[in-house]
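Nothing in this text is a laboratory measurement; each read-out follows from the coordinates by a stated rule. Remember, predicted model here, so these are calculated numbers, not experimental data. Ideal geometry is used to build each Cβ from the backbone, glycine not excepted, and the neighbour counts take in all protein chains shown.
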Amino acid sequence: MSSIYDYFNTETFFTEEERMARDAVRDFVGAKILPNIEAHFENRTFPHELTPELGALGVFGSNLPEKYGCAAMSNTAYGLIMQELERGDSGLRSFVSVQGALVMYPIFAYGNEDQRQRWLPGLAQGSLVGAFGLTEPDFGSNPAGMKTHAVQNGDSWTLNGAKMWITNGSVADIALVWAKDDEGKIHGFIVDTKSPGFSAPEMKRKMSLRASVTSELVLQDVVVPETDRLPEAKGLKAALGCLTQARYGIAWGAVGAALACFETAVEYSKTRIQFDRPIGGFQLVQAKLAEMHTEIAKAQLLALRLGQLKDRGEVTFGQVSMAKRNNVAMALDVARSAREILGANGISTEYPIMRHMTNLESVKTYEGTHDIHTLILGQEITGIPAFT
Ligand code: TGC
Ligand code: FAD
């Protein structure tokens, strides 16, 4: 049966296993995350003590095979998990996205069997934490220009450079670092963060995604054995392939943040009295609610179809870009409308709205800014790249 929160009854397209995965994560977020998330947001902390529980829930790399300790769920289940995590907080979804899509996926897709066996089970359990270092101080939207440099000396490499805005950087056990060799070829390295010459100062002045650790990575003559280079990560295309996985999760996650804001606004509009009536009885408030309702329903259908295509192995990175671009912009618009409906309460941490709203500013920027996704689509439509 449809509800205002699932207006086109997408529920009927999910398998029992997918619903169970979603509901388990929703329960976990309700019990363990929501009671403390505003305090974490205000204090700029992440609930690291919950990492093993998240591992036990099976959320890290949940669409990767069981033989590596992962849950082997469908991509649709993976998407629903991201939705429920981000209904809690974008920082929580980021933590899980980075671990699964940006660290475990590249080890799975571009690593050899030894690397998969060595790293994936610990990352799946949450006994190890990973970070993904692509962005640099001078190269964000254009990672092809990266300066981080890798020089091969026999059976090891020496890395020098800096990465910036790296989620989990200061708490990670390993960092997937992308660097260029002398010929300008880009490689992916699994860097032990305890290596001499590696440091990860935390970036603390964020007004968005505050319940998430963001760091610089500084690499000064960091020696990485050849056995820790991903042999199949050949060129920027490999790094971009990881981004497609993470962007897919964000397309679903944004729906969760939007639902949290919409639910709050609906309930508030029915109980807040002004001019002797619930504000939900005013046409202007209803117009906002109808717009939010419609855009969420459209985004849910887009995520559902994206998941079906990914499960069939048919999804394209252009489709993922469109969904990330649309659903994040939608969620930010929904958060802003919800903020207005709550009036002054909309800016208070008594309600989740402002937290989601400021988080979504980061989500609109990372994993390809909204405008970069516009250009990706523009290139697909016209065949003409407009990046330079
Ligand atoms: P370009 O020439 O377009 O592409 C090089 C090759 O890669 C292929 N390709 C992709 N493959 C898979 N997935 C994608 N998304 C792909 N995009 C491109 C492409 O077909 C080509 O293949 P081939 O066979 O022809 O060689 O490369 P370009 O250097 O011109 O760059 C294009 C551009 C600007 C779209 C790309 O650089 C880009 O996406 N920039 C945005 C950077 C970005 O998103 N960074 C994210 C960093 S990680 C992060 O933000 C984590 S946030 C934490 C969290 O997720 O929670
Ligand atoms: P810039 O690339 O400098 O862009 C600035 C503005 O210029 C944007 O509006 C952009 O759209 C516009 N612009 C750029 N190029 C063009 C163009 N050709 N045409 C039109 N407009 C253009 N990165 C990682 O590698 N790993 C992480 O774990 C990670 N986590 C992050 C966490 C947070 C909280 C944040 C905020 C960022 C994170 N990032 C991470 C970095 C993120 O991917 C980059 O911020 C993003 O790719 C944009 O790069 P930039 O900030 O350098 O902006």
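Of the residues 377, 238, 356, the one whose Cα sits farthest toward the positive end of the charge dipole of region 237-382, with +1 on the Cβ of Lys and Arg and -1 on the Cβ of Asp and Glu, is 238.
Structural descriptor for the chain: relative contact order 18 percent, calculated from alpha carbon pairs under 8 angstrom and at least 6 residues apart.
Here the contact order of region 237-382, divided by its residue count and restricted to Cα pairs under 8 Å and six or more residues apart, works out to 32 percent. In the chain, the convex hull through the Cα atoms has an average projected area of 19.4 nm², a quarter of its surface area.
Among 39-49, 268-278, what's the highest-first ranking by average C-beta atoms within 10 angstrom per residue?
Order by mean packing, descending: 39-49, 268-278.
Ranked by the mean number of other Cβ atoms within 10 Å of their residues, highest first, the peptides 97-108, 314-325, 376-387 come out as 97-108, 314-325, 376-387. Here the sum of -39500 (n - 2.57) over DSSP H runs of 4 or more residues, divided by the residues of the chain, equals -15500 deg cm²/dmol at 222 nm, to the nearest 500.
Under 5 Å from the amide H of residue 198 lie the amide H atoms of 220, each residue being 5 or more positions distant or on a separate chain, with H modelled from the backbone and absent for Pro and chain starts.
For the listed peptides 204-213, 167-176, a ranking on the average number of other beta carbons within 10 Å per residue, highest first, reads 167-176, 204-213. Ordering 318, 96, 388 by Cα displacement along the dipole of the chain toward the positive end leaves 388 in first place; charges were set at the Cβ atoms of Lys, Arg (+1) and Asp, Glu (-1).
Dividing the radius of gyration of the alpha carbons in region 237-382 by their Kirkwood radius gives 1.05 for Rg/Rh.
Computing Rg and the Kirkwood Rh from the Cα coordinates of region 10-129 gives a ratio, Rg/Rh, of 0.98. With the Kirkwood sum run over all distinct C-alpha pairs, region 131-234 has a hydrodynamic radius of 13.7 Å.
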